[in-house]
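Below is one structure; the comments refer to it alone.
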Amino acid sequence: RQQLGELCGSSFWVFLSQRFQLLHPDDERFAAEIEKSIYNIGIANQDGAAGFRYHTILEGKKERSTHENTCCEGQGTRLIGSLPEHIYSIASDGIYVNLYEPSTIRWEQYGHPLALTVMTRFPFENQVRAIVRVAAPAHANIRVRVPSWACSNMQIKVNGKTEDTGNPGTYVALSREWSDGDSIEFTLPASIHVKRYDGADQIAGKTRYSIEYGPILLVAVGESRVDLSIETGKAGDLANYLEPVADSPLHFTIRGNPGQRLMPYWQVSTEKFTGYPTITVRHPLS
């Protein structure tokens, strides 16, 4: 099997997407590509504190890091070092909030200094709260991203009152005069979604799927080939069979599948796993 998915290529993809994002800042697709690449490749290809993995292996076992001064090592370092610059974008009339990370941005708008502090534990929790800091009331357009992976529209509150509701794959523009201590709050509508995998590594007589929570790729751990089964419905109904593991956010067991477990791909270290398990619907006799 040919090994593909070099870390350097994904790093270049992030920076290319960033260029397009600057040209078309209201097009949410570019933030979505950056987000998925950071979580599922950039972070996932870190080998603890040892270094960076060369390939993004999606089945079997992850590689160990290399120390050969490769392009992947250099570009992986560059990508991780650039993470803060992908959270926000500056516009002539305000800012864009592109990613959901605990952070603070400070900028000057029409001669007035402003700061925005975002508080969240995403992806482990879905609540986001941001506080505006200004020395005196100032006007700015703060655009909040409603991710394309959202399972519903997203309601955004300012100072506890609903200000606007955004559709998945858009930005909500909060253009107003801001006072010190104003708050912005919303809950990210993240959910489990199951997608059919149409790549080259197929299994005869079976259908493979990827399983994601919001932008996070979940993988089945324990074996390199995993067949998950559900009793009724279709493969996409697997979400109804997932049971959260206590004290392990984004880890799930699967009802009716003893010994099977899902976890974020970026948390996998030495375990055997697959990023595209098969799913079988049993349809038991009534």
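The values are calculated or read from the model by the stated rules, or taken from the named source; none is laboratory data. For clarity, every value in this text was computed on a predicted model and none was experimentally measured. So basically every Cβ, Gly included, is an ideal-geometry build from the backbone, and we count neighbours across all protein chains shown. Just the protein is used for accessible areas: all its heavy atoms, side chains included, with ligands, DNA and RNA removed. Shrake-Rupley method; radii C 1.70, N 1.55, O 1.52, S 1.80 Å.
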Report summary line: Of (1) surrounded by fewer than 15 Cβ atoms within 10 Å (Cβ to Cβ); (2) under 30 Å from residue 262 (Cβ atoms); (3) modelled with pLDDT of 95 or more, residue 179 fails just (2)
Report task. Kindly provide the set of residues from segment 1-31 that are of a type in the set (Gly, Ala, Ser) and under 27 Å from residue 278 (Cβ atoms), ordered by number. Result -> 5, 10
Report summary line: Scanning segment 27-52 residue by residue, those closer than 21 Å to residue 190 by Cα and open to solvent by 50 Å² or more (accessible area, probe 1.4 Å) turn out to be 29, 33, 36
Report task. Would you tally the residues in segment 217-244 being part of a strand (DSSP E or B), open to solvent by less than 40 Å² (accessible area, probe 1.4 Å) and either farther than 15 Å from residue 207 by Cα or not hydroxyl-bearing (Ser, Thr, Tyr) (or both)? Result -> 8
Query raised in the report: Scanning segment 149-182 for residues that are free of Cβ contacts under 8 Å to residues at least 24 places away in the same chain and part of a loop (DSSP other than H, G, I, E, B), which turns out nearest to residue 236 (Cα to Cα)?
Result: 168
Query - Filter result for the condition that a residue is touching a residue at least 60 places away in the same chain (Cβ under 8 Å) and either in contact with a His (Cβ under 8 Å, 6 or more places away or on another chain) or more than 15 Å from residue 42 (Cα to Cα) (or both), over 110, 100, 88 - result: 100
Query - Count - residues of segment 183-203 that are in a strand (DSSP E or B), of a type in the set (Ser, Thr, Tyr) and within 19 Å of residue 168 (Cβ to Cβ) - result: 1
Query raised in the report: Got a sec? Which of 158, 128, 132 is open to solvent by less than 50 Å² (accessible area, probe 1.4 Å) and in contact with a Gly (Cβ under 8 Å, 6 or more places away or on another chain)?
Result: 132
Query raised in the report: Can you find a residue in segment 63-77 that is over 19 Å from the mean Cα position of the chain (by Cα), open to solvent by 10 Å² or more (accessible area, probe 1.4 Å) and small (Gly, Ala, Ser)?
Result: yes
Report task. Check off (1) more than 18 Å from residue 88 (Cβ to Cβ); (2) in contact (Cβ under 8 Å) with a residue 12 or more places away in the chain for residue 31 and give me the number that stays unchecked. Result -> (1)
Query - Cross-chain or 6+ apart pairs with Cβ under 8 Å, segment 62-81 first and under 11 Å from residue 7 (Cα atoms), then acidic (Asp, Glu) - result: 71/6; 72/6
